[in-house]
Amino acid sequence: MKIDKNVENDGVIFMSIKENDERAQETGSEGDVTILAIESSCDETAAAVVRNGREVLSNIISSQIALHTIYGGVVPEIASRKHVEKINGCIRAALDDAGVTLDDIDAVAVTYGPGLVGALLVGVSAAKAISFAKNKPLIGVHHIEGHISANFIENKELEPPFVCLVVSGGHSHLVVVKDYGEYDIIGQTRDDAAGEAFDKVARAIGLGYPGGPKIDKAAREGNPDAFSFPQAKIADAEYDFSFSGLKSAVLNIINQAKMQGQELSQADVAASFQKAVVEVLAGHAIRACKEYGMDKLAIAGGVASNTSLRELLEKECAKNGIRFYRPSPVLCTDNAAMIGAAAYFEYKKGVRFGLDMNAVPNLPLGDRERRYHGRSSR
Ligand code: KG4
Ligand code: ZN
């Protein structure tokens, strides 16, 4: 994976990501399906051109993270306005990098939920405009289905069924991927998402936003056994997660130290907190593979780029005879290539959205909402 990075005048980071895979640069053949995909659900404006669900011809990400850092989190209004400024440039760059025009694409795909409504609407409007102007089929993609599908890009042989641990800023799900686009949710968080817990704890210990990568880095210098933080078990739902108790335990330790005038080691708190999260995530995922008789485990979402989680799962999978799939870190966090991958399998099933497609900020995973959009005259 080769990443060209450029910091623009407004602080937005523009990235063009290229696969090292030479096959991706080969010219297409008859029957290929080339999809232009768009993602704008949070603070990344992204566009990509993906062939046959697994070959990324271009992958452009315009990241606003630096703009939101001073506020300690994503400011929805700023995010929407930046998406409006950046979206056309991202789409143009994605087409140019792939060496195609809008006439060459077979469909346009876009994340239509879940996410920030104002942010989603920018991508949805752009995709609808292209679909209408160029008379191309339109496909709405669930953001989390996109994250799961990131695994198909670098693992050309990966096919369902498999277990997937989806851990992002807004979601923590353990799912059985029964088939392309078909999921059984077997566990989810009762309160904070895993990424949200990383972000909140990072803020509390003074590491700032975005918390996940900062805790990941700080933890490398710390002792994971310095503090013993709780790992919640939920009695009636063994695959569900809960991170709010853990977050409160970290806050208590910080307050206690303050009252006693003691200096806490940021690195030790980060390492101990991370250990508690990662052990729960890995424990649930491995148990699910065993119980459901699956010998393949994939991970997805921003938290899936966590070094410690990847190392622990690699070890546990090897021990238990499970094949472990994890996207490169840049495909774990938000991008449009994953949306193009998910869209391909929908396209093949004949799913087509109408121009009445709308952003759905709280779209549940596995929701059959696409049924209502799924008929189009195109
Ligand atoms: O998937 P994503 O990019 O956006 C959402 O769909 O939410 O995930 C972002 C989340 C943030 O909470 C961020 O702190 C977390 O993923 N994250 C990490 C790491 N990199 C990003 N968490 C732990 N370790 C990391 N290395
Ligand atoms: Zn995401």
For the chain, using Cα atoms only, the Rg and Dmax in Å read 20.5, 71
Among all the lysines, which ones have a C-alpha under 16 Å from Lys290's C-alpha, if same-chain residues fewer than 8 places away are not counted?
Lys178, Lys315, Lys319
Which helices count as membrane-span-like in the chain under these terms: full DSSP H, at least 24 Å along the axis by C-alpha, Kyte-Doolittle mean of -0.5 or more?
76-98, 117-134, 266-291
Please report, in cubic angstrom per residue, the volume enclosed by the convex hull of the alpha-carbon atoms of the range 130-206.
157
Treating only the Cβ atoms of Lys and Arg (+1) and Asp and Glu (-1) as charged, compute the dipole magnitude of the chain about its Cα centre; round to the nearest 20 debye.
360
In deg cm²/dmol, rounded to the nearest 500, the helical mean residue ellipticity at 222 nm of the chain, built from -39500 (n - 2.57) for every DSSP H run of length 4 or more, is -13000 deg cm²/dmol
For the chain, set up a Gaussian network in which alpha carbons nearer than 10 Å are linked by springs, and say which option among Gly261, Gly321, Gly208 fluctuates the most.
Gly261
Set Lys82/Lys233; Lys136/Lys214; Lys2/Lys247; Lys233/Lys258 screened for pairs whose C-alpha atoms are more than 31 Å apart:
Lys82/Lys233; Lys136/Lys214; Lys2/Lys247
Kirkwood Rh over Cα pairs of the range 59-105 into Stokes-Einstein at 4 °C, 1.567 mPa s: D in µm²/s?
107
Round to a whole angstrom and tell me the spacing of the C-alpha centers of the range 248-295 and the range 122-147.
38
Burial order of peptide ranges 353-362, 107-116, 123-132 (average beta-carbon count within 10 Å, highest first):
107-116, 123-132, 353-362
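Send over the semi-axes of the range 137-294's equivalent ellipsoid, whole angstrom and largest first, taken as the square roots of 5 times the C-alpha gyration tensor eigenvalues.
33, 17, 14
With a ≥ b ≥ c taken as the square roots of the eigenvalues of the C-alpha gyration tensor of the range 49-202, please select rounded if a/c is under 1.5 and otherwise prolate if a/b is larger than b/c or oblate if it is not? Display every interim value, and only then the final one.
Details: a/c = 1.92, a/b = 1.13, b/c = 1.69.
Since a/c reaches 1.5 but b/c is at least a/b, the shape of the range 49-202 is classed as oblate.
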Pairwise Cα inverse-distance average, inverted: Kirkwood Rh of the range 1-66 (Å):
12.9
So who's got an amide H within less than 5 Å of the one on Ser328, skipping anything under 5 residues away but keeping other chains? H placed 1.01 Å off N, in plane.
none
The set of residues whose placed amide H lies less than 5 Å from the amide H of Ala109, leaving out same-chain residues fewer than 5 positions away, is Leu36, Ala37, Ile38, Ile139
Convex hull volume of the range 262-369 per residue (C-alpha atoms, cubic angstrom)
170
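Laboratory data are not the source of any read-out in this text; all were calculated from the coordinates shown. Being a predicted model, the structure only gives us computed values, none of them experimental. Positions of Cβ are generated from backbone atoms using ideal geometry, with glycine treated the same way; all protein chains shown enter the neighbour counts.
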